[in-house]
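Novice: Take this structure, written in structure tokens, and hold onto it; I'll ask about it next.
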Amino acid sequence: MLRHLMYKIKSTGPITVAEYMKEVLTNPAKGYYVYRDMLGEKGDFITSPEISQIFGELLGIWFVSEWMATGKPAAFQLVELGPGRGTLAGDILRVFSQLGSVLKNCDISIHLVEVSQKLSEIQALTLTDEKVPLEQSAGSPVYMKGVTKSGIPISWYRDLQDVPKAYSFYLAHEFFDVLPVHKFQKTPQGWREVFVDIDPQVSDKLRFVLAPCATPAEAFIQHDETRDHVEVSPDAGVIIQELSQRIALTGGAALIADYGHDGTKTDTFRGFCGHKLHDVLIAPGTADLTADVDFSYLRRMAQEKVASLGPIKQQTFLKNMGIDVRLKVLLDKSDEPSSRQQLLQGYDMLMNPKKMGERFNFFALLPHQRLRGRSHQRNDCQSKPSPSPVAGFSELAWQ
């Protein structure tokens, strides 16, 4: 990967941080995400679903609660962006099965957006019924199809745009933080973009440099920006616009969970290798690269086509969703000291402010009418029913 990047820079000059991230993470030949399973204790990072089943169960309840609040439509799609190993989708599907009596007349389908061949294979092992063979068609927008263990149709796509437009719940958990970012530094001459170049002193080393003049991506910076260093992801903006258009058109909701901030942080670009911080420019392709999600930018990119809620801390969201009650039920059910220990450790990891409790945030996109309340009567003089609160962002109340 280093040789490839050196060759690229020698041929065409320094590259943007966004291009560097894109090459390192998703280059078809050597990209970090393309050919390896980087999750779990042996990998470079662990995600919330890998830590505790409760996390996915509560998200499953969130989707069911939103489905009920919007009048229990006859069908919905669950669309997950970057599903990891499929652990989260598996936990959500288990909730759908357990709430079978509530969902019994609802036609559910699962749609996974995944660029990594390796991860899509792992997801299929986690989620599908091995008795039903998978249909594979590499050239098609739906490159794999099957049936989940609970009998629900499941399809894989490389691009969100290929997912059918219908009433859907979209889920992006630790997805936006790996989308490429452009980085900018404020200088006496105005904003200057940060590029990656070859170090003239050491021939096989990379370094950051500032562009000598303005670059096109500068258009993404707000005119009233007060920070002196900014990271912007145009890819994240494109995906948020696509989600917003879909939700405004066909209903549903998007739930985004990630570490990030509300337009306050500056330089958050970092690498992880073997669960340790790793210099982003050393041994590219061997470590995960990530940047905190700027939720204020996501909100701006929704362009008021939909309403947004959050970001709120993971600790608050999960508490509102009833994590304490769920933990108690699971502890009461478990006889094994080791599994009780695991449950308590998982809870601590998810909720402790010093661990994930305050570093992770939840953010949702919903149709405007979901928050306004809809009058079902033809006669507009009737008082409108007040909308039920959105679970997680306020306390969960089952109707």
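Novice: Within the chain, what whole-number % of the accessible surface is contributed by carbon and sulfur, with the 1.4 Å probe and all protein chains included in the calculation? Show your work: numbers first, answer last.
Specialist: Details: 10070 of 18940 Å².
In the chain, the share of accessible area belonging to carbon and sulfur is 53 percent.
Novice: Greater than 19 Å separation of Cα atoms is the criterion. Which listed pairs, LYS30/LYS276; LYS8/LYS276; LYS313/LYS333; LYS265/LYS313; LYS183/LYS265, meet it?
Specialist: Cα-Cα > 19 Å for LYS30/LYS276; LYS8/LYS276; LYS313/LYS333; rest within.
Novice: With +1 on each Lys and Arg Cβ and -1 on each Asp and Glu Cβ, how big is the dipole of region 267-376 about its Cα centre, in debye rounded to the nearest 20?
Specialist: Values: 17 positive and 12 negative charges, 116 e Å.
Dipole about the Cα centre, nearest 20: 560 debye.
Novice: Considering only DSSP states other than H, G, I, E and B, which trypsin sites (Lys or Arg not before Pro) in region 64-128 qualify as loop sites with at most 10 other Cβ atoms within 10 Å?
Specialist: Numbers: sites: ARG85, ARG94, LYS104, LYS118; in loops: ARG85, LYS104.
Those that pass, being in a loop and sparsely packed, are LYS104.
Novice: How about LYS186: which aspartates and glutamates have a C-alpha closer than 16 Å to its C-alpha, ignoring those fewer than 8 places off in the same chain?
Specialist: Cα-Cα hits under 16 Å: GLU218, ASP224, GLU225, ASP228, GLU231, ASP267.
Novice: When a/c reaches 1.5 or more, the comparison of a/b and b/c decides; with that in mind, is region 208-309 rounded, prolate or oblate per its Cα gyration tensor?
Specialist: Oblate shape, in that a/c is at least 1.5 and b/c is the bigger or equal ratio.
Novice: Mean residue ellipticity at 222 nm from the helices of the chain, using -39,500 (n - 2.57) per DSSP H segment of n ≥ 4 over the full residue count, to the nearest 500 deg cm²/dmol? Could you put the intermediate results ahead of the total?
Specialist: Values: 13 runs with 131 residues, N = 399.
Estimated from H runs of four or more residues: -9500 deg cm²/dmol.
Novice: Loop sites only, by DSSP: take the GluC sites (Glu not before Pro) in the chain that have at most 11 other C-beta atoms within 10 Å and name the longest stretch containing none of them. It would help to have the intermediate numbers written out before the result.
Specialist: Details: sites that count: GLU41, GLU130, GLU304, GLU395.
My reading of the result: 131-303 is the longest stretch.
Novice: In square angstrom, what is the accessible area per residue of region 17-174 with a 1.4 angstrom probe? Before the final figure, lay out each step's value.
Specialist: Working: 6390 Å² over 158 residues.
Result: 40 Å² of accessible area for each residue.
Novice: Now for a different question. Express the accessible area of region 271-361 per residue in Å², computed with a 1.4 Å probe while the remaining protein chains stay in the model. The partial results should precede the final answer.
Specialist: Numbers: 4570 Å² over 91 residues.
Roughly 50 Å² per residue, with all protein chains present.
Novice: Okay, moving on. Give me the aspartates and glutamates in straight-line cross-link reach of LYS165: C-alpha distance below 16 Å, same-chain residues under 8 apart excluded.
Specialist: GLU80, ASP107, GLU242
Novice: For the chain, what does the relative contact order come out to in percent, with C-alpha contacts under 8 Å and a separation of six or more?
Specialist: Working: 737 pairs, mean separation 69.2, N = 399.
So the answer I get is 17 percent.
Novice: Using modelled amide H (1.01 Å from N, peptide plane; none on Pro or chain starts), what sits under 5 Å from the amide H of MET144, excluding residues fewer than 5 places away?
Specialist: SER137, TRP156
Novice: Taking the square root of 5 times each eigenvalue of the Cα gyration tensor, what semi-axes in Å does the equivalent ellipsoid of the chain have, largest first?
Specialist: Working: eigenvalues 264, 132, 92 Å².
Semi-axis lengths for the chain are 36, 26, 21 Å.
Novice: In the chain, what percentage of the DSSP-assigned beta bridges are antiparallel, given to the nearest 5? Display every interim value, and only then the final one.
Specialist: Numbers: 40 of 66 bridges.
Bridges in the chain are about 60 percent antiparallel.
The values are calculated or read from the model by the stated rules, or taken from the named source; none is laboratory data. Remember, predicted model here, so these are calculated numbers, not experimental data. All Cβ positions, glycine included, derive from the backbone under ideal geometry; neighbour counts span all protein chains shown. Note: accessible area is taken over every heavy atom of the protein model, side chains too, but ligands, DNA and RNA are not part of it. Shrake-Rupley method; radii C 1.70, N 1.55, O 1.52, S 1.80 Å.
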